[in-house]
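Since the structure comes first, as structure tokens, the remarks are kept for the end.
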Amino acid sequence: NFTTKDYNGHSINYDIEQDSSGIIYIANAYGVLEYDGRSFRKIPLVQGKSAISLAKGSNGKIFVGSSSEFGCLEKDSTEKTYFKSLKNLIPGNKEINEVLETHWFDNAIYFASTRAVFRLKNKRIELVKGFTKTSLIEDVALANGKLLYWESGKGLGQINALEASIISPDTETRSVRDIQFINKNYAIFGSFGFKLIENSNSPLKTSVKLSNADVSSVLKLNNDAFLIGTVKKGIYLMNSHG
């Protein structure tokens, strides 16, 4: 257990990832923290911005989503890690919002902000089609071998290459924080608790227990075990039957 004095950073940590050599990286509100098992080192981002999301590519490289910024971690001539911005690769208007989710999918890195999703492939960045300036992307997640997203006022969607489309409409549900695949059904978690998307004729007992818990994150341990982090009620362990 490490305190802010141990790692000399902010108390807020958004994400965590490990590279191919075993080095751990933490997305911190003051940048990226690098931990080698003995000591911490702080990797600053552009203008001291926060690191919000992390993902590991096929070659072990760590990619970073930030506020109005994204990039990757590189090594200099002395093997010291530094942040390299990739924002300059965006064609046209380079204005982006906070990159809340970063995912490796289909041999590419996807950077998802609240208004748009960018794909980095073969050193080229392209905009995923299907979103507008008024879109509000609440979550992007990997589930059931697919790259899924929740768009406020529209519902559950899927991203294929550079195309995004809604696969299960829902104009009512808001504040979705995570998407999972449970017992052959897609499930969403958020401030409302827990909700099944497809074939959800039989509600699970969990939906009542989590209804006032304000779910903030979900971690799939295996096909029958899920850790659920909440804002108000601590951490739950849930099986696939709720």
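The values are calculated or read from the model by the stated rules, or taken from the named source; none is laboratory data. As the structure is a computational prediction, the values presented were derived from the model and not from experiment. Counting neighbours? That spans all protein chains shown, and the Cβs are built from the backbone with ideal geometry, glycine included. Side chains included, ligands, DNA and RNA excluded: accessible areas come from the protein's heavy atoms. Shrake-Rupley method; radii C 1.70, N 1.55, O 1.52, S 1.80 Å.
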Practice task
Taking only the range 18-45 into account, find how many residues are surrounded by fewer than 16 Cβ atoms within 10 Å (Cβ to Cβ) and touching a residue at least 40 places away in the same chain (Cβ under 8 Å).
Solution key: 2
Practice task
Scan the range 1-17 residue by residue and report those that are in contact with a strand residue (DSSP E or B) (Cβ under 7 Å, 6 or more places away or on another chain) and open to solvent by 90 Å² or more (accessible area, probe 1.4 Å).
Solution key: 8, 14, 16
Practice task
For residue 96, state whether it is open to solvent by less than 20 Å² (accessible area, probe 1.4 Å), assigned to a loop (DSSP other than H, G, I, E, B) and either closer than 11 Å to residue 68 by Cβ or touching a strand residue (DSSP E or B) at 6+ places or on another chain (Cβ under 9 Å) (or both).
Solution key: yes
Problem - For residue 62: the one exception among (1) open to solvent by less than 30 Å² (accessible area, probe 1.4 Å); (2) in contact with a helix residue (DSSP H, G or I) (Cβ under 9 Å, 6 or more places away or on another chain); (3) closer than 23 Å to residue 123 by Cα - result: (2)
Exercise for the section: Would you check if residue 39 is more than 20 Å from residue 105 (Cα to Cα) and either in contact with a Gly (Cβ under 8 Å, 6 or more places away or on another chain) or modelled with pLDDT under 95 (or both)? Expected result: no
Practice task
Give just the number: which of (1) under 21 Å from residue 140 (Cβ atoms); (2) in a strand (DSSP E or B) does residue 83 not satisfy?
Solution key: (1)
Completion exercise
Restricted to the range 111-157 and to residues being part of a loop (DSSP other than H, G, I, E, B) and of a type in the set (Val, Ile, Thr), the residue least open to solvent (accessible area, probe 1.4 Å) is 128
Handout entry: Residue count, the range 99-110 (criterion: open to solvent by 70 Å² or more (accessible area, probe 1.4 Å) and assigned to a strand (DSSP E or B))
Key = 1
Fill in the blank from the handout: Screening 196, 148, 221 for residues that are within 18 Å of the chain's Cα centre (by Cα) and more than 30 Å from residue 122 (Cβ to Cβ) leaves only 221
Exercise for the section: Could you figure out which of (1) open to solvent by less than 20 Å² (accessible area, probe 1.4 Å); (2) under 15 Å from residue 98 (Cβ atoms); (3) small (Gly, Ala, Ser) isn't true of residue 68? Expected result: (1)
